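Q: I'd like to ask you about the structure that follows.
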Amino acid sequence: MANQTTKIITLPKSAIRKEGMVILPLAEYEKIRKKIEKLKKEKKLSIEEAEILKIIAEGEKEYKEGRLKPIKSLAELD
């Protein structure tokens, strides 16, 4: 049998009971963390897209209600 080093760590019972505990290799943790960051960015984009669609819908509603003045040129804005 090869030489094996055994390390003993002590975990507080309060931490285990209160929130639980997960122990995993650092590489696996980094993989999960990167995946979470990617999902957060995708969610942020979808939130921005939803906001844009909401603004467009409000503009279309105001146009249908006659609250917007149609223009043929940006020069008419002055």
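Q: In whole Hz, what ³J(HN,Hα) sequence does the stretch 9-24 give by Karplus (6.51, -1.76, 1.60; θ = phi - 60°), x for Gly and Pro?
A: With the stated coefficients, the stretch 9-24 comes to 10, 10, 10, x, 4, 4, 5, 6, 5, 5, 10, x, 8, 10, 10, 8 Hz.
Q: May I pose another question? Modelled label-to-label distance, Glu60 and Ser46, 7 Å Cα→beta-carbon offset: nm?
A: Label-label distance for Glu60 and Ser46, simple model: 2.1 nm.
Q: Given 0.36 nm per residue, what is the gain on full extension from Lys35 to Ile9 after removing their alpha carbon distance, in nm?
A: Full extension of this stretch gives 6.5 nm more.
Q: Ok, one more. Calculated from the structure, mean projected area of the Cα convex hull in nm² equals which of (i) 13.1; (ii) 11.7; (iii) 6.6?
A: Answer by label: (i).
Q: Identify all lysines with a Cα-Cα distance to Lys72 below 25 Å; exclude those on the same chain that are fewer than 8 residues away in sequence.
A: Lys54, Lys61, Lys64
Q: What ranking, highest mean first, results for peptides 69-75, 36-42 when packing means the other Cβ atoms within 10 Å averaged over each residue?
A: 36-42, 69-75
Q: Counting each DSSP H run of 4 or more residues in the chain as -39500 (n - 2.57), what helix-only mean residue ellipticity at 222 nm follows after dividing by all residues, to the nearest 500 deg cm²/dmol?
A: -20500 deg cm²/dmol
Q: Rank-order 6-12, 22-28, 43-49 by packing density, defined as the average count of other C-beta atoms within 10 Å over each peptide's residues, highest first.
A: Highest mean packing first, the order is 43-49, 22-28, 6-12.
Taken together, the values in this text are just the output of simple stated rules run on the coordinates, not laboratory data. This one's a predicted model, so the numbers in the text were calculated from it and none came from an experiment. Ideal geometry is used to build each Cβ from the backbone, glycine not excepted, and the neighbour counts take in all protein chains shown.
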